[in-house]
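Let me begin by presenting the structure, written as structure tokens, before commenting on it.
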Amino acid sequence: MGIETTSGIIAFAWLALAMTLAPGSDTVLVIRSSLRDGTRAGVAAAAGIVLGVIVWGGLAGLGVALLLVRLPVVYRVVAIGGGVYLAYLSVMTFVSARRLWRSDPAVPDDSGEATPRRSLPQTFIAGLLTNLLNPKIGVFYLSIMPGLFIGQGLTLWLGLELGGIHAALGIVWLSIVSVLATWARRHLLRAKPRAVLDGICGALLLAFGVLVIVEVVMQTR
């Protein structure tokens, strides 16, 4: 591995860390899953999210993600799909919040029985789809990889390597988020405060989804 490649990877890692720490729909989904079903669910959502990052890295390395730039209709379809899916998740979160609000307010609800649990595979898939239906991840890779690795060409291996670095940072950070959210769920929050937090998470997911769709609509004008 040459010096240029090593410096490019280090620069990418810093950019990926900044992107990981920036709050977004992925973070909200992990918090929502942890508040609803505990740490394992939050980590399952995080695992799906970081797998999506690796897939995007591989697609960028293969050049497939270039379709997002060269064919605006592909970008719009993926973005709108992502916006609709976030809106769907927000509705499910509002339903969960409503059930929690109607549960016994005098008893701390750390069993998760007020709302039906989602299986870990379902939560994992939700995280994966949330990430894969975010075309900005692919554009992120396409915008920085050529500049950081000038003259080396984009390859599947390089894309997967960068995606793996991004994924490692993501799983560590999102797991920390999940543990903190679960701790609050078990030790601080009764049913109604949790219902309020669920509602906030649902509103944020809906806001992210609406912003994506509005952005696409504005671009088509």
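The values are calculated or read from the model by the stated rules, or taken from the named source; none is laboratory data. What you are looking at is a predicted structure, and each value in this text was computed from that prediction instead of being measured. Heads up, the Cβs are rebuilt from the backbone with ideal geometry, glycines too, and the neighbour counts pull from every protein chain shown. For the accessible areas, the whole protein counts, side chains as well, though only heavy atoms, and no ligand, DNA or RNA atoms are used. Shrake-Rupley method; radii C 1.70, N 1.55, O 1.52, S 1.80 Å.
A few points about this structure:
- Only a single item in (1) closer than 25 Å to T123 by Cα; (2) modelled with pLDDT under 80; (3) open to solvent by less than 20 Å² (accessible area, probe 1.4 Å) is not met by M145, and it is number (1).
- For segment 14-25, the criterion of a residue being outside any loop (DSSP other than H, G, I, E, B), of a type in the set (S, T, N, Q) and touching a Gly at 6+ places or on another chain (Cβ under 6 Å) is satisfied by at least one position.
- Residue under evaluation S34, criteria (1) more than 21 Å from L211 (Cβ to Cβ); (2) among the polar types (S, T, N, Q); (3) surrounded by fewer than 24 Cβ atoms within 10 Å (Cβ to Cβ), criterion not met: (3)
- Some residue of segment 47-58 being in contact (Cβ under 8 Å) with a residue 40 or more places away in the chain, more than 17 Å from L128 (Cβ to Cβ) and not hydroxyl-bearing (S, T, Y): no
- Any hit, segment 56-67, residues being under 16 Å from the mean Cα position of the chain (by Cα), buried (at least 16 other Cβ atoms within 10 Å of the Cβ) and closer than 30 Å to T93 by Cβ: yes
- L100 passes every criterion in (1) crowded, with 22+ Cβ neighbours inside 10 Å; (2) modelled with pLDDT of 85 or more; (3) within 21 Å of V30 (Cα to Cα) apart from (2).
- The one condition from (1) open to solvent by 50 Å² or more (accessible area, probe 1.4 Å); (2) at pLDDT below 90 that R40 does not meet is (2).
- Listed by first and then second residue, the pairs linking a residue in segment 3-30 that is open to solvent by less than 20 Å² (accessible area, probe 1.4 Å) to a residue that is assigned to a helix (DSSP H, G or I) and modelled with pLDDT under 85, with Cβ atoms under 6 Å apart and 6 or more places separating them unless they lie on different chains, are G8/L148; F12/L148.
- Note on segment 170-198: residues that are more than 28 Å from V78 (Cβ to Cβ) and either in contact with a strand residue (DSSP E or B) (Cβ under 9 Å, 6 or more places away or on another chain) or surrounded by 18 or more Cβ atoms within 10 Å (Cβ to Cβ) (or both) total 8.
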